[in-house]
Each structure stands twice: as C-alpha cells, then as structure tokens.
Amino acid sequence: MSILAFNITQFFPLLNYWLFPLILAKASFDHKVLNFFKKYLVSKKTKYLWNSFSSPFYTVDVGVGQELALSPILSALYLSPIFYILENCLKNLKIPIPILSFMDDGFFIAQHKFISISNANLYCSYSVISTLLMRFGLVVEHGKTKVFHFSRSHEVFNPLPLDLTPLGDSTLLPKTIW
C-alpha cells in the first residue's frame, strides 16, 4: 500500500467566501442556511464606540479561523464539490485511488503489487487535485507533501521515489516512519 499525504496552503484565509453560498445552493441547502452563511462570512461591518465618539462603519470580512467551531463543517462543505469532481475525474481516468481528508490535509491511497504503478496512480491523482484546488482558489503546500510505502514482505524493501517535479513539487523519497 502507498500513501501520498499533502496539505492545502493557508486553507481558511484562501477560501472564496463568495463561492461558498453558491456551493451550498447547489447542494440544495435551505435559504435560511444560505442567508446565515452569507451574513456570517461576507459583508460584515463594524463600528467603534468610545464614550461619545462613534466611528463610521468599517468592512471586516475576516472569514473563519481554523480554530472556530464551524471550521470543520465549512471545510467539509467547501471541499465536497472538489472531491466529487475529483472522484469523477479519477473514475474516468480509471485510477483506483481513494482520498481521505482531515481538515485541510488530504491523503491518497494506492494499492498495487508494483510500486511503479502505485506511484503513477499517485502522480496522476496529485496532478488532478492540485489543478482542482487551484481552480477553487486553493493551493497544495508542495513542501509538506510526503509519500509512504508499506509492504508485507519480510525482505529488504527499497521503494522507488515519487517524482513530482513536473507538478511543481520535488522528488519525494519514501518516508520510513509514519
């Protein structure tokens, strides 16, 4: 089994908060939910009061921080159309790769008895997800991408590196420790 782990750079600061309500609308969420997120995420304003002083209104579109209670929900909802498109792309390319996601991290898992085929499947999957994320305004943090290979073999196991240089990453040497 082989695993490619990657991270999305600055996930929450880079979210397109104008796109988010459109994603929710496409998923047929109730109008009340759409309006809540529109008001919660964008077009926020505030003003300061100090004794008798009152400032004009200032725009404070700060979005959602990673530590807030809604963060896991928002990331899952925002990433769901990306994963749906990814799943269809990989199915059309006949690449048997499942993906797991944890907050703003992702894992591709490949299983094949030949590491070279697993690496090819991981490479293609990584290429597709990098492109999709970029189209949604997100970027893979290439410097944190790691590859792991696991074997049941009791012999010396020396897996091939995964060359991601054409995609803007580096050649990944398999990690020996998870």
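Using a Cα-Cα cut-off of under 25 Å, which lysines could be cross-linked to residue 146, ignoring same-chain neighbours fewer than 8 residues away?
Of all the lysines, those that pass the test against residue 146 - Cα under 25 Å, at least 8 places apart if same chain - are 91, 94, 113, 175.
Give the cross-link partners of residue 47 among the lysines, using a straight C-alpha distance below 28 Å as the criterion and excluding same-chain residues fewer than 8 apart.
By straight Cα distance, residue 47 reaches 32, 38, 39.
If you stretched the chain out fully between residue 152 and residue 76, how much longer would it get, using 0.36 nm times the residue separation minus the C-alpha to C-alpha distance?
Details: separation 76, 0.36 × 76 = 27.36 nm, distance 3.37 nm.
That pair, residue 152 and residue 76, stretches by 24.0 nm at full extension.
All of the numbers you see were taken from the coordinates with simple rules; none came from a lab. All values derive from a computational prediction rather than experimental measurement.
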